[in-house]
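Structure first, then comments.
The values are calculated or read from the model by the stated rules, or taken from the named source; none is laboratory data. What you see is a predicted model; the values in this text were computed from it and never measured. FYI the Cβ positions are ideal-geometry reconstructions off the backbone, even for glycines, and counts take in every protein chain you see. For the accessible areas, the whole protein counts, side chains as well, though only heavy atoms, and no ligand, DNA or RNA atoms are used. Shrake-Rupley method; radii C 1.70, N 1.55, O 1.52, S 1.80 Å.
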Amino acid sequence: MVPIQIRPVHTWKSSSQHRTANTHLIKKTEVVEKNVDPETTLLTYLRRKLSLCGTKLGCGEGGCGACTVMISKFDCFQKKIVHYSANACLFPICALHHVAVTTVEGIGSTKTRLHPVQERIAKSHGSQCGFCTPGIVMSMYTLLRNQSEPKMEEIEDAFQGNLCRCTGYRPILEGYRTFAKDWKCCGGNVNGLGCCMVGKENIVGRGCSERKINGPDCCMNAKDYTAMVSSALFNTAEFQPLDPTQEPIFPPELLIHKNNPQKQLCFKGERVMWFQPSTLKELVALKAEYPNAKLVVGNTEVGIEMKLKNMLYPVIIAPTWIPEMSSIHHTEEGITFGASCTLSHVEMVLRKAVADLPSYKTEVFLAVLEQLRWFAGPQIRNVAALGGNIMTASPISDLNPVFMASGSRLTLVSNEGSRTVRMDETFFTGYRKTKLKPEEILLSVEIPFSRKGEYFSAFKQASRREDDIAIVTCGMRVLFQERTSRVQEIKLSYGGMAPTTVLATKTCQELIGREWKEKLLQDACAQLAGEMHLSPSAPGGMVDFRRTLTLSFFFKFYLTVLQKLSIDLNGNNNLDEVVPSRYTSATELYHKDPVNNVQVFQEVPAGQSTEDMVGRPLVHFSAAKQASGEAVYCDDIPHYENELYLTLVTSTKAHAKIISVDTTEAQKVPGFVRFVSAKDVPGNNVTGLKNDETVFAEDTVTCVGHIIGGIVADTQEHSRRAARLVKITYEELTPIVTIQEAIEKQSFFELIRKIEKGNIQKGFEEADHIMEGEIYIGGQEHFYLETHCTIAVPKGEDGEMELFVSTQNPAVTQEYTAKAVGVPSNRIVVRVKRMGGGFGGKETRSTVVSTVVAVAAVKTGCPVRCMLDRDEDMLISGGRHPFLGQYKVGFKRNGRITSLEVSYYSNGGNSVDLSHGVMDRALFHMDNTYNIPNIKGIGKVCKTNLSANTAFRGFGGPQGMMVAESWMSDISLKCGLPAEEVRKLNLYNEGDLTHFNQKLEGFTLRRCWEECLVNSDYHSRRKLIDEFNQQNRWKKRGLAIIPTKFGISFTVPFLNQAGALVHVYTDGSVLITHGGTEMGQGLHTKMIQVASRTLGLPTSKIHISETSTNTVPNTSPTAASVSADINGMAVSNACQTILKRLEPIKCANPTGSWKDWVSAAYQNCVSLSATGFYRIPDLGYDFEKNEGKPFHYFSYGVACSEVEIDCLTGDNKNLRTDIVMDVGTSLNPAIDIGQIEGAFVQGIGLFTLEELRYSPEGNLFTRGPGMYKIPAFGDIPTEFHVSLLRDCPNSKAIYSSKAVGEPPLFLSASVFYAIKDAIFSARVESGLNQPFRLDSPATPERIRNACIDVFTKLCPSAEPGSFKPWSVRV
């Protein structure tokens, strides 16, 4: 064992003989780990053993990138040092022999110096909640270690495995593109169409070409001095340069053994034994001894199975040191890859082969590369092995259809020798089974060269383009008779159409000997439609979509081959068929240009003090700490000495009586302490906003995920293991799962809301047209990167307890905890430092966890911690309410609306929670921005057997407005009028009364509308899109401009209050506490700005530590977008109180400094502490009378979006979005623009991507990033332009600002309606020109199914009611 000292890199070395092992971790000093458990991941070890908490747990399945670290090692096969990113949550600690690990703490620190990667994401405003930031930093850092001047495309590719829920990704890319060698200051083509300056006549300095990039004359730093408009949110000149020579060197100590042969290792844990053989002979001997052992290279499949699927593999063998399994050989037939070669290495080798070899030989290689392009993220591709991908035998494998269609050869070895097999239709013998014998090992894979006259394509369709599992995938090969278009061989292989990868053998047989012509296409599609049949109840659902994709893919293949044939045969061999020009776009592979953006805001007035930071793009105060991993989140708090861990035990039935709970087996798990349940609650087990919930279920469970109890144990691993062993016996009852079932059974929560104005019947009589329709809007998972977390610390006297909670609602957390443990609220202190995202999901549902943890702490007398796994969090915490909107609308021929009647139904789940408030806001927003003289809306909340749905950014407003835009879309189609004209015709005007009789004052929407039309160049682009659609049959573009009006206030009047506490210390420093919590939205930063202006102090003198119930009591939740408004006023109020006290002292010493005055005040016994308070005046609304004032004011915005859809697959690209938003006089333009973009991208998820899938029995299938897809880096608009409306001060909020958190979210409906516009163009091609229904989200499935054509008609839907679907729409 050699002690190693290197700067910040964590270096791993193992010293072991067979069956005994020690692992040594060295970070400056030597650490000896005597008991290495193979089940321990690198993430667990970093966080628990080393207290390096910068690396975060976001999902535990390698799907979010929050745990990204850099792995460095000497690669014996490549003979060089390699650096690559990896997911620490999956990386086994046993796999770290002779490896260096670099975490975010290892590259820079606020205490010393930030690394340029950390600095740039912070200063470019790319960190909001910050929970994802360390992982993004490490992805970028790893890229720069390998390529110090990457291309922009390489930067975007590096983030395919990282997710962010806050920022909308744009600021991250903008900050990091400054590292790119092909970067221009605007990100576009200098002075070309992509240049930010094109069309910006009013901005000084028209172009970048003659000005110094990043310098004072750079166009990105330009200002319009007439209106003081700026697009510079940060100054790149402040960035420290990247110096690759200053990076930590690879530890020389790890190179000592590079030429020495490895020795076999063995690690034995509580349940699992890990072998790492060093020779093929040792490997086959081990496999013979343990034929059921799993071979693991990257642990990307086995790790997930053991963690999420409760599978146990007692013996694991890691073959990464076997030379034969990592070698690569070029043969006459193709390239042979060892089965342990990582996918990244395969990709690198194939790219070189494609560059070096004749194109006719690389058809298969190009197909593999196309599949790898969209295969997971870099962190997975860097460790996942080629052989593992095959042997997993997934029916939706991206690569297996390619290998099957190409006839790739596999070499298998065992102690009996070796054999070679082709991957054909016999290789997969059943679901996740192959023809390998138990003792056999896949040694290598030969990917063949293609031949002259042979063509190959691969296709994949997923819900999301980046890092997503396939819905259907395929590999297609055809070989023609020499110099002809007659088929000699053809193989069509599909994944996602059966329990295994399959060949369409019957179809292939039919096509042999046929000419590659239209008739072949028709016959092939008809044959495929029959052969690739799916049961309507098939697992995975989406049956019609999947069947249609098999035909769409073949059609794309047919056209692609036809194109190549026309070139290769030179038109001399009877090739009658050519690809029509309108069809060529169907053959194009998916491509997205690098993001190009312009963000415009109004500068502060001339003469504003440089120390007055209000209105300036100040960086989030925690950004640097977040980028360096120093920011402390709930689970980062150091463990207490006697701390225990709790894991929830939840129901597996949606509706059932509990017959028995048996913990016998759980008690046998090492470290088990106790099981807590309803009988252990010292206080009251009843909880919830309406007292209709329980801390623990007692006799009956009413949803899957209903908390029955909790296992308390010494470690997280032991508590999880024991929780899985609790046996619960149920007597099942019939559940109500969907809105439709609730309507049929009249299962509603009691309060039914109604708003009515005017004469509905008269309005319909005046209409020229009356239309009826409905739209379903699916729910949405919050997917905050930090899951629910609570640490409860009993104080040992008077029932006192301190709770550290990730919550938006400390006061309710305090109240519910006190009630559950049976003490007054004054014995409970709740503290919130920051959250890793909230979005409404931590407003009330965090109490579901915190009360359970508090009960466990009382019963054990020890501190208890619980951080939910991602799958637990998604299961129990609810989300955005699914809505069904049914409408009847009357209108004139010109599109003017005369009457509207709407019924809203929401799926509330098993308790009321905030569902009534959500429905209220939906009704308040059912007009969106349109003046409807006669209107009636009714809202009913369905009571179902799902986890209670809750607050989510927008709080019912988006659902209410989405229904409005649905009938608005119908009207424009029915009238045959441009949608933007019909929308504009019906807009409100200044002074109009809303349908709830509130007068619109300061109505800036029409200004936003006109500015957005101009900024987006709407009318010119509309013409270009129409031309594009005429020229392209299978790709269509759409354009939509959508307005929004969002009411600002809690609709429960008493919540519109806030308190603050300001302390001034004798050194002049100021500490602020207020009632709001920080979840990434920059609230604390804005409060410091407010205090800075009020007190006249620089922000450096002001600090906010946390939010706590013992400093500011009875706080309202941080929600409803009003937190900056009400807390800002409260902070200002407290500061003014202190200033008033200081007035006499300042008068006595007018030339003194702030510190002088404070010191004098203290010496004269003047209080330097003050509370502040504010309430929004004159709020209240009466539903019965339809009168009052529910909102303090309104926020307005307009967005225009352009999309392109693939009519054959449902793929869609967001090409461009222009947003104009009224945020009043912005307190902080950087934060406000960040909120607008983050909300917009979250809305893209809501309306086009994110889909919750439930079984008919109420079981949630989508419990993690593997199946639930939020927007990724590649899903944001390619051109993303945001402009803050100028000169629109708001007199009703702090320093003339406006709320910004929720209002922009609905603007993403512009993407949905642009998609609908594109679909309409496709339907017109099929003779369909009437309004049509498109439910939300507009997923690829819905897009493809709506683009009715000859292929969809070959795959008719099964009759509803004739089968049991795999999933239901809730």
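The table that follows gives values for the structure above.
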{"quantity": "Top-ranked residue in the range 456-470 [being in contact with a Leu (Cβ under 8 Å, 6 or more places away or on another chain) and surrounded by fewer than 24 Cβ atoms within 10 Å (Cβ to Cβ); ranked as nearest to VAL543 (Cα to Cα)]", "calculated": "SER463"}
{"quantity": "The range 500-545: number of residues that are over 30 Å from ARG483 (Cα atoms) and assigned to a helix (DSSP H, G or I)", "calculated": "6"}
{"quantity": "Filter result for the condition that a residue is open to solvent by less than 50 Å² (accessible area, probe 1.4 Å), closer than 23 Å to GLN1089 by Cα and touching a Cys at 6+ places or on another chain (Cβ under 8 Å), over GLY1197, GLY1172", "calculated": "GLY1172"}
{"quantity": "Candidates ASN1127, ASN1133, ASN1110 - the one that is of a type outside the set (Val, Ile, Thr), surrounded by 22 or more Cβ atoms within 10 Å (Cβ to Cβ) and under 23 Å from SER1069 (Cα atoms)", "calculated": "ASN1127"}
{"quantity": "Residue among ARG1323, ARG1344 that alone is of a type in the set (Lys, Arg) and surrounded by fewer than 24 Cβ atoms within 10 Å (Cβ to Cβ)", "calculated": "ARG1323"}
{"quantity": "Qualifying residue in the range 1189-1202 (condition: under 30 Å from ARG546 (Cα atoms), modelled with pLDDT of 95 or more and in a strand (DSSP E or B))", "calculated": "yes"}
{"quantity": "Qualifying residue in the range 1302-1310 (condition: at pLDDT 95 or above, charged (D, E, K, R) and not in a loop (DSSP other than H, G, I, E, B))", "calculated": "no"}
{"quantity": "Top-ranked residue in the range 701-730 [being in a helix (DSSP H, G or I) and among the polar types (S, T, N, Q); ranked as farthest from the chain's Cα centre (by Cα)]", "calculated": "SER719"}
{"quantity": "Answer from MET391, MET348 - the residue that is closer than 21 Å to GLU466 by Cβ and either open to solvent by 10 Å² or more (accessible area, probe 1.4 Å) or in contact with a Pro (Cβ under 9 Å, 6 or more places away or on another chain) (or both)", "calculated": "MET348"}
{"quantity": "Checking HIS788 against (1) in contact with a helix residue (DSSP H, G or I) (Cβ under 8 Å, 6 or more places away or on another chain); (2) on the phi > 0 side of the Ramachandran plot, the condition it does not meet", "calculated": "(2)"}
{"quantity": "Matching residues, the range 530-545, being out of contact with any Phe, Trp or Tyr (no Cβ under 9 Å at 6 or more places or on another chain) and open to solvent by 20 Å² or more (accessible area, probe 1.4 Å)", "calculated": "GLY530, GLU531, HIS533, ASP544"}
{"quantity": "Test: residue in the range 819-829 that is within 30 Å of the chain's Cα centre (by Cα), farther than 30 Å from GLY629 by Cβ, surrounded by fewer than 23 Cβ atoms within 10 Å (Cβ to Cβ) and not β-branched (Val, Ile, Thr)", "calculated": "no"}
{"quantity": "Any hit, the range 487-496, residues being closer than 22 Å to PHE365 by Cα, modelled with pLDDT of 95 or more and of a type in the set (Asp, Glu)", "calculated": "yes"}
{"quantity": "Residue in the range 1348-1363 that is under 30 Å from the mean Cα position of the chain (by Cα) and either over 21 Å from ILE1025 (Cβ atoms) or surrounded by fewer than 17 Cβ atoms within 10 Å (Cβ to Cβ) (or both) present", "calculated": "no"}
{"quantity": "Scan of the range 979-995 for residues that are more than 36 Å from the chain's Cα centre (by Cα) and of a type outside the set (A, V, I, L, M), ordered by number", "calculated": "ASN989, GLU990, GLY991, ASP992"}
{"quantity": "Residue within the range 435-450 that is part of a strand (DSSP E or B) and open to solvent by 30 Å² or more (accessible area, probe 1.4 Å) present", "calculated": "no"}
{"quantity": "One residue from LEU57, LEU90 being modelled with pLDDT of 95 or more and open to solvent by less than 10 Å² (accessible area, probe 1.4 Å)", "calculated": "LEU90"}
{"quantity": "The range 849-889, residues that are surrounded by fewer than 24 Cβ atoms within 10 Å (Cβ to Cβ) and touching a His at 6+ places or on another chain (Cβ under 9 Å)", "calculated": "PRO863, MET867, LEU868, GLU872, ILE876"}
{"quantity": "ASP1178 being out of contact with any Gly (no Cβ under 7 Å at 6 or more places or on another chain) and surrounded by 23 or more Cβ atoms within 10 Å (Cβ to Cβ)", "calculated": "no"}
{"quantity": "The range 260-286 - residue that is assigned to a helix (DSSP H, G or I) and either touching a Ser or Thr at 6+ places or on another chain (Cβ under 7 Å) or open to solvent by 30 Å² or more (accessible area, probe 1.4 Å) (or both) and, of those, farthest from CYS76 (Cα to Cα)", "calculated": "ALA285"}
{"quantity": "Qualifying position, being among the β-branched types (Val, Ile, Thr), open to solvent by less than 30 Å² (accessible area, probe 1.4 Å) and closer than 14 Å to ILE396 by Cα, among THR500, THR548, THR507", "calculated": "THR500"}
{"quantity": "Any hit, the range 635-646, residues being without any contact (Cβ under 8 Å) to a residue 60 or more places away in the chain, of a type outside the set (Gly, Ala, Ser) and surrounded by fewer than 22 Cβ atoms within 10 Å (Cβ to Cβ)", "calculated": "yes"}
{"quantity": "Matching residues in the range 93-110 - criterion: being more than 23 Å from SER622 (Cβ to Cβ), open to solvent by 10 Å² or more (accessible area, probe 1.4 Å) and assigned to a helix (DSSP H, G or I)", "calculated": "ALA95"}
{"quantity": "The range 303-341 - residue that is of a type in the set (Asp, Glu) and assigned to a loop (DSSP other than H, G, I, E, B) and, of those, nearest to the chain's Cα centre (by Cα)", "calculated": "GLU333"}
{"quantity": "Matching residues in the range 684-700 - criterion: being of a type in the set (Ser, Thr, Tyr) and either within 32 Å of the chain's Cα centre (by Cα) or not in a strand (DSSP E or B) (or both)", "calculated": "THR687, THR694"}
{"quantity": "Among the residues listed as GLU797, GLU786, GLU717, GLU744, the single one being of a type outside the set (A, V, I, L, M, F, W, C), buried (at least 18 other Cβ atoms within 10 Å of the Cβ) and farther than 30 Å from LEU1305 by Cα", "calculated": "GLU717"}
{"quantity": "Tally, over the range 450-483, of residues that are small (Gly, Ala, Ser) and closer than 16 Å to THR362 by Cβ", "calculated": "5"}
